[in-house]
Structures are given as structure tokens and as C-alpha cells.
Amino acid sequence: SAVISQKPSRDICQRGTSLTIQCQVDSQVTMMFWYRQQPGQSLTLIATANQGSEATYESGFVIDKFPISRPNLTFSTLTVSNMSPEDSSIYLCSVEQGHGYTFGSGTRLTVV
Amino acid sequence: AQSVTQPDIHITVSEGASLELRCNYSYGATPYLFWYVQSPGQGLQLLLKYFSGDTLVQGIKGFEAEFKRSQSSFNLRKPSVHWSDAAEYFCAVATTGNQFYFGTGTSLTVIP
């Protein structure tokens, strides 16, 4: 299965700033997914990113807040914009290969 | 609508005792079913998955799960729990449309 490198692993950010999270996959994948895991909660899908097209956002998530890039088949970024304390979560990227899903190790974001 | 239910928010077992974590799903067709484990501060690790065939699935770390269509369940079991099994466990369902639904998780505490 694919190996995903996600960074940063954690960060503490000031309110109103933005953070870009990167995911690098060791093989080419068609679809990449971005999830949010709020404290004590399960994972919630933010968006699906396909190379060469706009990301598809789930209900409650918008591109202005969570812009995503997918420049090639092995890389994607998620930006958390204009952060507030409510954005404090773990953010994970994921790829699907033959119905198997692999996750990055996550980015633990704290907004102060 | 698709959903995944993990009725047990928190379970405590003694080291060496058997373990069963419950998972029920709601999905019209045959689902793809997964169990993931998340250790503190870590990302998600796939324990096992079910796509088709034998309804008893073997996974890593001595875990197994049984798919019971009549009960819409996919319970995770381990005959003898180790202290290192203490973690958060997530059941998940993937649909043919590559939508991925997570349960809210079960937190496992292992006491010596």
C-alpha cells in the first residue's frame, strides 16, 4: 500500500493566520482526500482532490476557508485560512488504492 | 443515508482478557468495511478490511472481525488484549462511490 508523508506533524498558530499542510505519496494516486478530526470526534471528510481539477468539498466546507492544491498525482496541500480556535483539530490526508485507504500520520493544529 | 455506529464510547479491559468492539452500519448495498486504530498522537493505521468472500477477516496485531450481513455488523475481536492495544478504534464503511464514513470511535483502556 501507499506510504504518505504528511507535514507538519503539529503546529501552534495565531488566530487569523493560515497554515498549509502538505501530503506526499510514494506512488501515483488518482484521488486524495482531506479529513478533519476535531477533539473527541470522528473523522469528517473535508474534500476530495483529483489532479487537474477543482477539489470537491463536502457540505459545511468551502474553498475560501480550505483551499486545496493538487499539482500532480503524488502531492497535495490543504490550507486552513484565517484560523480561529475552532479550527484546532487533527487534519489528515488519505489516498485510496483498490478500495484500501491509507492515511497520513496527521497534522495536529492548535490555534491560539 | 449511510452511517456507522459504534455504540461503545469507552471500554476498559484487563490485560489478557478478550475484547470485542461493536460496529453497526447502514448501507443499502454490500459495503466495504474497515477497522482502524489510532494511538495517542498518531495517525490512523489499518487493522483489517472486508470486501467480499470469507466473512471472518484476519488483521494485524492479532485482531479479527466478522461481517454479519443479517445484523449489519462488523465487530472487532481479539482473544487476549495487550497493554499496547490501548488506543482509539474506528470502524468505517466505504461505498462504491468512494465515500468513506467513520464511526465516532471506541476508546480502549487496558488495565494491568
How high is the relative contact order of chain A, in percent, counting Cα pairs under 8 Å that sit 6 or more residues apart? 38 percent
Heavy atoms of B:HIS82: accessible area, 1.4 Å probe, square angstrom to 10: 80 Å²
Ignoring ligands, DNA and RNA, what percent of the 1.4 Å accessible area of region A:36-90 is carbon and sulfur? 48 percent
Stokes-Einstein, Kirkwood over Cα pairs, chain A, 4 °C, 1.567 mPa s; D in µm²/s equals 93 µm²/s
Residues listed by number, region B:64-107, amide nitrogen under 19 Å from B:ALA17 label point at 7 Å toward C-beta: B:64, B:76-89, B:106-107
Fraction in percent of alpha-carbon pairs per bin - 5 Å, chain B: 2, 12, 25, 26, 19, 10, 5, 1, 0
For chain B, modelled as a Gaussian network with Cα springs under 10 Å, which listed residue fluctuates most, B:GLY62, B:GLY16, B:GLY41? B:GLY41
Once label points are set 7 Å from the Cα along Cα→Cβ at both B:SER72 and A:THR20, what is their separation, rounded to one decimal in nm? 4.4 nm
Accessible solvent surface per residue of region A:1-56, calculated while the other protein chains remain in place, 1.4 angstrom probe, Å²: 55 Å²
Compute the convex hull volume of the Cα atoms of the protein assembly as shown, divide it by the residue count, and report the result per residue in Å³ as a whole number. 122 Å³
In square angstrom and rounded to 100, what buried accessible area do you get between chains B and A, total over both, with the probe at 1.4 Å? 1500 Å²
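The values are calculated or read from the model by the stated rules, or taken from the named source; none is laboratory data. Bear in mind that the values here come from a model prediction, so they are computed numbers and not experimental data. Note: ideal-geometry Cβ built from the backbone for every residue, glycine included; neighbour counts use all protein chains shown. Just so you know, the surface numbers come from the protein's heavy atoms only, side chains and all, with ligands and any DNA or RNA stripped out. Shrake-Rupley method; radii C 1.70, N 1.55, O 1.52, S 1.80 Å.
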